[in-house]
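Student: Have a look at this one before I ask anything.
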Amino acid sequence: MSAGARLPGTPEPMHHWDGTGGVVLAGDSWGPGDGPLVLLQHGGGQTRHAWKGAGETLGAAGYHAVAFDARGHGDSTWAPDGVYGQDAMVDDLVALIEQLGDERPVLVGASMGGGVSLVAAGEDLVDATALVLVDIAPRIDPAGVAKIGAFMEQRPEGFETLDEVADAIAGYQPHRARPKNLDGLGKNVRLGDDGRYHWHWDPRFRTGARNLEQRTTRLEDCARNLSLPTLLVRGGLSDILTEEGAQSFLALCPASEYVNVTGAGHMVAGDRNDVFAGAVIEFLARTVPVGAPPVTAPHERHPRHLGPDVLDVP
């Protein structure tokens, strides 16, 4: 199942891997295969393409950067059972790590992908060498969450033209200039049998109930368990992660580092990739250097579930 046909010129995925429950994950990679593995996980409603600039920069610095479409997004298949909770996403991540043959990756996650990364590390399901959370933390602003939800749920009947798609995106991201060339929008939509353009994700991803209180409780418990180098990156214009939300995470993880990227909204890497990628590489150069062991030694994992399972926010 998919949202429809890929538009001509849309980049084909470089790789495919088996997820769980019959899902096939699509992804791209940059840099040397023997470099430290950095897994880039996008937010809800995004695709692996959100990481292209950061992936190229990491690859040029000697890291093996891998970005993949989450289940039900982009070129990855839709979940046959319609399950899109954190547990399923973490299971996909663990399956991918096994196939890549590197048991100790760096986890970088934006929004939904950050929640997946935090659960994977905080519940000791992955022995990660470092964690980078991008504009996401346990405590987030409900008003900002509602705004994203309204954006994703508009026009369930689809769009007649790419201009309408561009208008919808510009309305949600007024700090970005509306693109004059609409070819890049092919990464965001698919052409349905009805001749209309539809968002690339499975609509069932948005239909389940989201419990912010349960999400906060689980992610705070995960945050308390962190013992690896951690960097929190916030977009200074974000309406999802407020400064108060960022500080609440830093109180749970006093050893964590923090970068506030002024001029960037919730999509930090897309808004200010130069600043974002520079901050991540500077952090990794100290914690997971190329050509040297990570500062954190491997440990024997003791997985535990701090649930309940929840559908994360975008």
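Student: Amide H of residue 45 versus every other amide H placed in the peptide plane: which residues, excluding those fewer than 5 positions away on the same chain, fall under 5 Å?
Tutor: Distant-sequence amide H within range of residue 45: zero hits.
Student: Given a 1.4 Å probe and heavy atoms of the protein chains only, how would you sort 258, 63, largest accessible area at the top? Could the numbers behind the result be given before it?
Tutor: On the way: 258 65, 63 5 Å².
Ranked list, largest accessible area first: 258, 63.
Student: Within 13 Å, Cβ to Cβ, of residue 309, how many net charges do the neighbouring residues add up to if Lys/Arg are +1 and Asp/Glu are -1?
Tutor: -1
Student: Out of 195, 44, 55, any idea which swings most in a Gaussian network model of the chain, alpha carbons joined below 10 Å?
Tutor: Most flexible of the set in this elastic network: 195.
Student: Kindly identify the range 256-314 as rounded, prolate or oblate by the Cα gyration tensor criterion: order the square roots of the eigenvalues as a ≥ b ≥ c, call it rounded if a/c is under 1.5, otherwise compare a/b with b/c, prolate if a/b is larger, else oblate. Working shown, then result.
Tutor: Details: a/c = 3.11, a/b = 1.12, b/c = 2.77.
Cα axes put the range 256-314 in the oblate bin.
Student: Something else about it: Run the simple label-point estimate for residue 309 and residue 227 please: 7 Å along Cα→C-beta, distance reported in nm.
Tutor: Result: 2.8 nm between the two label points.
Student: Using the Cα centre of the range 100-175 as origin and beta-carbon charges of +1 (Lys, Arg) and -1 (Asp, Glu), tell me which of 116, 133, 165 is placed farthest towards the positive end of the dipole.
Tutor: 133
Student: Compute the angle between helix 112-122 and the longest alpha-carbon principal axis of the chain, please, reported from 0 to 90 degrees and rounded to the nearest 10.
Tutor: Orientation of helix 112-122: about 20 degrees from the principal axis.
Student: Given the rule -39500 (n - 2.57) for each run of at least 4 DSSP H residues, summed and divided by the residues of the chain, what is its mean residue ellipticity at 222 nm, to the nearest 500 deg cm²/dmol? Can you show the working numbers first?
Tutor: Working: 9 runs with 100 residues, N = 314.
The per-residue figure over the chain is -9500 deg cm²/dmol.
Student: First check a/c for the chain, with a ≥ b ≥ c the square roots of the eigenvalues of its C-alpha gyration tensor; if it is under 1.5, answer rounded, and if not, answer prolate when a/b is larger than b/c or oblate otherwise.
Tutor: On the way: a/c = 1.41, a/b = 1.36, b/c = 1.04.
Here the chain falls in the rounded category.
Student: Are there any GluC sites (Glu not before Pro) in the range 107-193 that are in a DSSP loop and have at most 11 other Cβ atoms within 10 Å? List them by number.
Tutor: Details: sites: 123, 153, 157, 160, 164; in loops: 123, 157, 160.
In loop regions of the range 107-193 (DSSP not H, G, I, E or B), the sparsely surrounded GluC sites (Glu not before Pro) are 157.
Student: Same structure again: Tell me, what % of the accessible area of the chain is carbon and sulfur with a 1.4 angstrom probe? Don't jump to the answer; show the numbers that get you there.
Tutor: On the way: 6780 of 12670 Å².
The nonpolar share, carbon plus sulfur, comes to 53 percent.
Student: So with the 1.4 Å probe, I'd like the accessible area per residue for the chain, rounded to whole Å².
Tutor: It amounts to 40 Å² per residue over the chain.
Student: Another question, then. Roughly how big is the range 226-314's charge dipole about its Cα centre, with Cβ charges of +1 (Lys, Arg) and -1 (Asp, Glu), in debye to the nearest 20?
Tutor: Using only the charged Cβ atoms, the result is roughly 300 debye.
Student: Next up: Once phi is turned into θ = phi - 60°, what whole-Hz ³J(HN,Hα) does the Karplus curve with 6.51, -1.76 and 1.60 give for every residue of the range 217-223, x standing for Gly and Pro?
Tutor: Once rounded to whole Hz, the list reads 4, 5, 5, 5, 4, 5, 4.
Student: How much of residue 14 can a 1.4 Å solvent probe reach, expressed as accessible area in Å² and rounded to 10?
Tutor: Looks like 110 Å² after rounding.
Student: With +1 assigned to the C-beta of every Lys and Arg and -1 to the C-beta of every Asp and Glu, and no other charges, what is the dipole magnitude of the chain about the Cα centre in debye, to the nearest 20? Write down the numbers at each step before the final one.
Tutor: Values: 25 positive and 42 negative charges, 101 e Å.
Once rounded to the nearest 20, the dipole reads 480 debye.
Student: Mind grabbing the accessible area of residue 104 for me, 1.4 Å probe, Å², rounded to tens?
Tutor: For residue 104, the solvent-accessible surface is approximately 50 Å².
Student: Can you give the accessible area of residue 187, probe radius 1.4 Å, in Å² rounded to 10?
Tutor: The accessible area comes out at roughly 60 Å².
Student: Report the paramagnetic label zone for residue 160: residues of the range 184-223 whose backbone N is under 14 Å from a point 7 Å from Cα along the Cα-to-Cβ axis.
Tutor: 195-197
Student: How far is helix 273-287 tilted, in degrees, relative to the longest principal axis of the Cα atoms in the chain, given as a value from 0 to 90 rounded to the nearest 10?
Tutor: Its long axis makes an angle of about 20 degrees.
Student: Still on this structure: In sequence order, what are the phi-derived ³J(HN,Hα) couplings for the range 87-100 according to the Karplus relation 6.51 cos²θ - 1.76 cosθ + 1.60 with θ = phi - 60°, rounded to whole Hz, with x for glycine and proline?
Tutor: So the J values, rounded to whole Hz, are 4, 5, 5, 5, 4, 4, 4, 4, 4, 5, 4, 4, 6, 7.
Student: Note down the relative contact order for the chain as a percent, whole number, built from C-alpha pairs under 8 angstrom at least six residues apart.
Tutor: Values: 656 pairs, mean separation 73.2, N = 314.
Computed value for the chain: 23 percent relative contact order.
Student: Read phi for every residue in the range 53-70 and hand back ³J(HN,Hα) as whole Hz from Karplus 6.51 cos²θ - 1.76 cosθ + 1.60, θ = phi - 60°, with x for Gly and Pro.
Tutor: x, 5, x, 5, 5, 4, x, 5, 8, x, 8, 9, 8, 10, 10, 9, 6, 5
Student: Still on this structure, please answer the following. Suppose the chain between residue 169 and residue 295 were pulled fully straight at 0.36 nm per residue; how much longer would it get relative to their current alpha carbon spacing?
Tutor: Working: separation 126, 0.36 × 126 = 45.36 nm, distance 4.10 nm.
Additional length available on full extension: 41.3 nm.
Student: Put +1 on the Cβ of every Lys and Arg and -1 on every Asp and Glu Cβ in the chain; which of 311, 265, 186 then has its Cα farthest towards the positive end of the dipole?
Tutor: Of 311, 265, 186, it is 265.
The values are calculated or read from the model by the stated rules, or taken from the named source; none is laboratory data. Given the structure is predicted, the values throughout are model-derived calculations rather than measurements. As a convention, Cβ positions derive from the backbone with ideal geometry for all residues, glycine included, and neighbour counts pool all protein chains shown. For the accessible areas, the whole protein counts, side chains as well, though only heavy atoms, and no ligand, DNA or RNA atoms are used. Shrake-Rupley method; radii C 1.70, N 1.55, O 1.52, S 1.80 Å.
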